[in-house]
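Scroll down for the structure; my scribbles are underneath it.
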Amino acid sequence: MSHDHDDRPQLTAAQAAAVLNPPAGRNGGDLVVETLQGLGATTVFGLPGQHALGMFDALRRSSLRYVGLRVENNAGFAADAYGRITGEVAPLLLSTGPGALTSLAALQEAAAASAPVLAISSQIPTAGLGGGRHGYLHELRDQQASVRDIVKSVHTVRTASQIPSAIAAAWESALTAPHGPVWVEIPQDVLLAETTLPVVSAMDATPRELYPRPELTIAAAHLLSSAERPAIIAGGGVVRSDASGKLRALAEKIDAPVVTTFGGKGAFPWEHPLSLRSWLEDRHTTDFLEDADVLLVVGSGLGELSSNYHTFRPRGRVIQIEADAGKLESNHPALGIHSDAREALADLLEAVERREDAGAAERVRTVLEKVRVRIEAQDLTLEQQVLAAVREALPDAAPSFWDMTILAYWAWSAFDARRPNTMHSAQGAGGLGYGFPAAIGAAAADPTKPVLAVSGDGGAMYSIAELATARQYDLPLTWLIVDDGGYGILREYMTGAFGETTGTELARPDFVALAESFGVPAVRTSPESLAADLGKALAAPGPSVVVLPALLRMFEPTHL
């Protein structure tokens with residue numbers, strides 16, 4: 001039996017000599033960072049802990065840049081944003097037990113948003129594994145059980161020689177469409193034990209592309225080409241697969257109106273004649289989509305938010321392109337195409353016949369006018385003024401990260417993201433505290449652009465410790481905190497449902513003074529001066545905080 005070695009990496013004589021004589025003083029932690037470097041990582045996020053010190057000591061001997069946050073969950077949010085912005089794997093180094101468990105809410109968001117986060121956690125010493133009650137610090141009966149429901153895959157290491165293969169397998173899993181978080185855990189003693197294994201060389205863990213099946217492309221193309229009233233819903237999968245250009249070309253070829261989901265913001269030009277924008281929480285939009293005789297859904301599972309809270313009932317044929325097989329037809333019967341959005345749109349673009357519909361743009365204008373009239377009847381000038389001020393101040397290419405707060409809920413529907421992959425929120429899992437630590441991850445990914453974070457005062461308190469991180473690394477980010485004295489959206493929900501509130505009103509600090517105590521410049525603004533103050537903050541180097549005392553209200557829902 002012969003093997004073809006031609007496509008395998010070949011070592012030079014000098015590299016071979018280095019393999020045979022690895023440097024002294026290395027341990028399992030070195031194998032971790034060498035593997036990450038060999039896979040192409042440049043930046044890691046995390047928080048040290050007693051069992052993980054082998055990894056953190058090895059960072060000192062590597063070229064990896066370390067960005068350390070103050071809370072593990074925030075480190076997870078930062079890694080999530082780094083993965084979203086770059087499309088690359090974001091390593092997240094964690095300690096055992098409390099450190100690992102504190103990251104879980106962030107990993108849930110990464111899973112919901114398909115962000116490629118590689119969590120590498122330490123474990124108690126090997127002798128304590130197996131579920132016995134040995135009384136080790138941070139001991140859990142089964143640490144993996146706590147993460148298994150959240151991440152795409154779990155990879156266990158028991159010896160130093162297993163480290164490179166386990167991390168490479170996890171890396172490939174994180175980058176396989178749909179992207180997502182993965183988990184590797186390594187016992188403390190394995191990380192600390194000296195090793196004479198050769199230095200890990202460059203590795204390739206690129207996953208194979210996920211192509212559509214050709215017979216499904218032909219069937220979908222036929223449906224779209226012969227449709228009378230086609231429409232398109234573009235989700236986050238279009239943004240993640242960098243397919244917005246293909247989407248636009250397809251929409252123009254068949255004259256199909258396009259609505260983007262909240263996760264798909266920026267996937268289609270806001271001002272395009274075929275753009276229905278993002279008004280998904282609106283009955284006029286829902287009615288229009290239900291009336292389509294062929295509806296193409298790309299990179300969305302049509303979950304709660306994308307279906308106007310499951311009130312959406314399509315009457316025509318649905319074609320669903322989705323990289324996550326579990327989301328195919330999970331809410332509506334469809335011609336399900338299991339594929340990366342970019343590959344499927346490229347094939348569809350070639351296969352569809354040109355279809356001209358002079359009335360499509362007029363129907364879009366009619367829907368948008370109905371939406372405008374509905375919103376304007378609700379006396380919500382302040383909210384629209386604040387959102388317009390943020391749009392005016394934010395450079396087109398600057399990414400923004402929005403916490404779960406009323407201004408963000410407005411932005412989901414009403415904010416023009418202008419560029420793909422610039423607007424992100426925690427709407428996948430819906431946890432508080434995402435905005436500011438995520439902005440830290442994005443600023444670490446590309447420090448040449450200012451980054452905006454938007455939080456309410458309640459969500460801001462989840463991440464206030466990260467002001468120290470932003471200052472320590474001198475990151476170019478501005479944090480807009482809308483201070484309404486509590487959990488504003490919950491205040492609205494409870495008042496609407498019960499007539500009064502419980503637990504929504506909050507004592508809070510003087511955010512300006514608090515930021516300044518971290519050495520971060522801050523300003524208190526007003527709706528009238530917001531655009532100028534925010535623009536000035538975004539243009540200045542390093543971190544800054546802008547506090548807007550304002551009581552914002554949501555527009556009336558149409559799904560109730």
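The values are calculated or read from the model by the stated rules, or taken from the named source; none is laboratory data. All of these numbers come straight from a predicted model, not from anything done at the bench. All Cβ positions, glycine included, derive from the backbone under ideal geometry; neighbour counts span all protein chains shown. The area values use the complete protein model at the heavy-atom level, side chains included, leaving out ligands, DNA and RNA. Shrake-Rupley method; radii C 1.70, N 1.55, O 1.52, S 1.80 Å.
Below are the figures for this structure:
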item	result
Among the candidates 92, 140, 101, 107, residue that is open to solvent by less than 20 Å² (accessible area, probe 1.4 Å), without any contact (Cβ under 8 Å) to a residue 60 or more places away in the chain, among the aliphatic types (A, V, I, L, M) and out of contact with any Asp or Glu (no Cβ under 6 Å at 6 or more places or on another chain)	92
Residue count, segment 160-187 (criterion: hydrophobic (A, V, I, L, M, F, W, C), crowded, with 17+ Cβ neighbours inside 10 Å and assigned to a helix (DSSP H, G or I))	9
Yes/no for residue 455 being in contact (Cβ under 8 Å) with a residue 24 or more places away in the chain, among the hydroxyl-bearing types (Ser, Thr, Tyr) and assigned to a loop (DSSP other than H, G, I, E, B)	no
Residue match in segment 306-316 (condition: open to solvent by 30 Å² or more (accessible area, probe 1.4 Å), closer than 27 Å to residue 89 by Cα and not acidic (Asp, Glu))	no
Residue in segment 477-491 that is surrounded by 20 or more Cβ atoms within 10 Å (Cβ to Cβ), over 23 Å from residue 42 (Cβ atoms), of a type outside the set (Val, Ile, Thr) and in contact with a Phe, Trp or Tyr (Cβ under 7 Å, 6 or more places away or on another chain) present	yes
Selection within segment 110-131 - over 26 Å from residue 165 (Cβ atoms) and open to solvent by less than 30 Å² (accessible area, probe 1.4 Å)	113
Given (1) farther than 21 Å from residue 538 by Cα; (2) open to solvent by 10 Å² or more (accessible area, probe 1.4 Å); (3) in a helix (DSSP H, G or I), number of the condition residue 371 does not satisfy	(2)
Single unsatisfied condition, residue 494 versus (1) assigned to a helix (DSSP H, G or I); (2) under 20 Å from residue 456 (Cβ atoms); (3) open to solvent by 50 Å² or more (accessible area, probe 1.4 Å); (4) without any contact (Cβ under 8 Å) to a residue 24 or more places away in the chain	(3)
Checklist (1) touching a strand residue (DSSP E or B) at 6+ places or on another chain (Cβ under 6 Å); (2) open to solvent by less than 10 Å² (accessible area, probe 1.4 Å) applied to residue 469, failing item	(1)
In segment 507-521, the residues that are open to solvent by less than 50 Å² (accessible area, probe 1.4 Å) and either touching a residue at least 60 places away in the same chain (Cβ under 8 Å) or in a loop (DSSP other than H, G, I, E, B) (or both)	509, 519, 520
Residue within segment 379-388 that is open to solvent by less than 70 Å² (accessible area, probe 1.4 Å), within 26 Å of residue 250 (Cα to Cα) and of a type outside the set (Gly, Ala, Ser) present	no
Checking residue 345 against (1) open to solvent by less than 20 Å² (accessible area, probe 1.4 Å); (2) touching an Asp or Glu at 6+ places or on another chain (Cβ under 8 Å); (3) assigned to a helix (DSSP H, G or I), the condition it does not meet	(2)
Selection count where residues are basic (Lys, Arg), open to solvent by 30 Å² or more (accessible area, probe 1.4 Å) and either in a loop (DSSP other than H, G, I, E, B) or at negative phi (or both), scope segment 261-305	1
Some residue of segment 391-412 being open to solvent by less than 10 Å² (accessible area, probe 1.4 Å), assigned to a helix (DSSP H, G or I) and not hydrophobic (A, V, I, L, M, F, W, C)	no
